[in-house]
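Student: First, the structure itself, so that you have it in front of you.
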Amino acid sequence: MNGVSGRMGYRQHLLRSILAIREQGGVLRADGTRVQVEPILVGRSEQKLKELAAKHNIEHYTTNLDEALADDRWQIYADFLVTQARASAIKKAIAAGKAIYTEKPTAESFEEALELARLATEAGVKNGVVHDKLYLPGLQKLKRLIDSGFFGRILSVRGEFGYWVFEGDWQDAQRPSWNYRKEDGGGIIVDMFPHWNYVLENLFGRVESVYAKATTHIPTRVDEQGNEYAATADDAAYAVFELEGGIVAQLNSSWTVRVNRDELVEFQVDGTHGSAVVGLFGCKIQPRNGTPKPVWNPDLAETHNYDADWLEVPTNDVFENGFKTQWEQFILHVVDDAPHTFDFLAGASGVQLAEQGLKSSETGARIDLPVVQL
Ligand SMILES: NC(=O)c1ccc[n+]([C@@H]2O[C@H](COP(=O)([O-])OP(=O)(O)OC[C@H]3O[C@@H](n4cnc5c(N)ncnc54)[C@H](O)[C@@H]3O)[C@@H](O)[C@H]2O)c1
């Protein structure tokens, strides 16, 4: 587990996934037996790794990635490094013949992301990329609605993602400062478009074109050491995606917006037979049979309570942490060849969307997206 001291590496991958899997006695296989996990922590600071290992009763840690990769005991290389450091580390893991599971984006450029997919395929190593948002309860409920035919013909998707990330002067920023420096791999398009790509593609259809307007609303921020720095990366992006089948998706991504929603991300899906509003957890619907008939009249104050027209979708299932669920699927893919379709090629498709989104913003043009192939 490389980069395990980071925000994602520690909380989602080590704590909520691998240690939770270890705690439950391993991953349940189809034949009823379990496969247990044994992590080795990899990082640059021996002291940090030592503390983490002691805190969580983990036997193995090292600052020497090459040595860990050369050791046959370790079957899966997992990468949670800052994006910039990822591709070179993954190439080493491919050369070492490890199965690989990684955070998104898989690389900084589409060319490099595609190269990783090619190299992994040529080497015959199993590979997977985090698609965590698909495993969120809200999106699982949305998938259920789509599969049940609730929407009729889906027309459009409108998404709001974001919250205020403090500038770091009078209150500490709640995200790492590299996120706001383009030269360090930062930017909201690079961060969020890989997510939007797999969310849209897996729920509604392939993303066929992108138009985006990216901007840096806050040009100066203060870093972890209290030093002012130039925020060179985009902190908000306003985008329109055309999807297979004529669906139009319009998604705002912003670290410079104050939340007036139920959740930090919300999607509204409108179809001929019904609409839904989903968040990370919640999901409410309005079927056509329950749709009011508003009449535009600016002379009268509104008396209708539109919020009350929506019906909450019950949870019905037990949804576990999405990172953990995907880890379990990937582990079963490695040990039992169980299906896991979210591979480096899918990851490259997400990087393509981010790259073309940035290009669209620079040129002002809408850009058609080719199908990503090896
Ligand atoms: N799936 C998601 O929802 C999600 C959310 C946030 C971030 N991410 C992705 O996860 C990755 C990590 O993001 P984070 O927010 O945890 O960042 P972070 O800064 O908290 O952690 C980064 C880790 O990389 C290590 N690192 C930094 N520079 C390095 C270098 N030059 N060489 C080797 N290691 C280095 C750090 O020590 C740390 O362990 C990013 O690629 C990001 O895009 C994914």
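The values are calculated or read from the model by the stated rules, or taken from the named source; none is laboratory data. It should be emphasised that the depicted structure is a prediction, and the values quoted were computed from it without experimental measurement. No Cβ is skipped: glycine too gets one built from the backbone with ideal geometry, and neighbour counts run over all protein chains shown.
Student: Identify all residues within the range 158-185 that are surrounded by fewer than 18 Cβ atoms within 10 Å (Cβ to Cβ), more than 11 Å from the ligand (Cβ to nearest atom) and part of a helix (DSSP H, G or I); write none if there are none.
Tutor: The answer is LYS182, GLU183.
Student: Under the condition of being surrounded by 14 or more Cβ atoms within 10 Å (Cβ to Cβ) and modelled with pLDDT of 95 or more, which residue from the range 102-111 is nearest to the ligand (Cβ to nearest atom)?
Tutor: GLU103
Student: Anything in the range 321-363 that is free of Cβ contacts under 8 Å to residues at least 12 places away in the same chain and farther than 25 Å from ILE90 by Cα? List them, or say none.
Tutor: The answer is LYS359, GLU362, THR363.
Student: Condition first: surrounded by 16 or more Cβ atoms within 10 Å (Cβ to Cβ) and within 14 Å of the ligand (Cβ to nearest atom). Can you find one or more residues in the range 198-218 that meet it?
Tutor: Yes, there is a match, as at least one residue in the range 198-218 is surrounded by 16 or more Cβ atoms within 10 Å (Cβ to Cβ) and within 14 Å of the ligand (Cβ to nearest atom).
Student: Could you tell me which of the residues ASP79, ASP72, ASP31, ASP66 is within 14 Å of the ligand (Cβ to nearest atom), surrounded by fewer than 14 Cβ atoms within 10 Å (Cβ to Cβ) and acidic (Asp, Glu)?
Tutor: ASP66
Student: Somewhere in the range 112-134, is a residue assigned to a loop (DSSP other than H, G, I, E, B), surrounded by fewer than 20 Cβ atoms within 10 Å (Cβ to Cβ) and within 16 Å of the ligand (Cβ to nearest atom)?
Tutor: No: the range 112-134 contains no residue that is assigned to a loop (DSSP other than H, G, I, E, B), surrounded by fewer than 20 Cβ atoms within 10 Å (Cβ to Cβ) and within 16 Å of the ligand (Cβ to nearest atom).
Student: A further question on this structure: From the list ALA93, ALA54, ALA99, ALA20, which one is more than 13 Å from the ligand (Cβ to nearest atom), of a type outside the set (Asp, Glu) and free of Cβ contacts under 8 Å to residues at least 12 places away in the same chain?
Tutor: It is ALA54.
Student: Another question, if that's okay. Go through (1) surrounded by fewer than 18 Cβ atoms within 10 Å (Cβ to Cβ); (2) outside any helix (DSSP H, G or I) one by one and return the number of the condition VAL372 breaks.
Tutor: (1)
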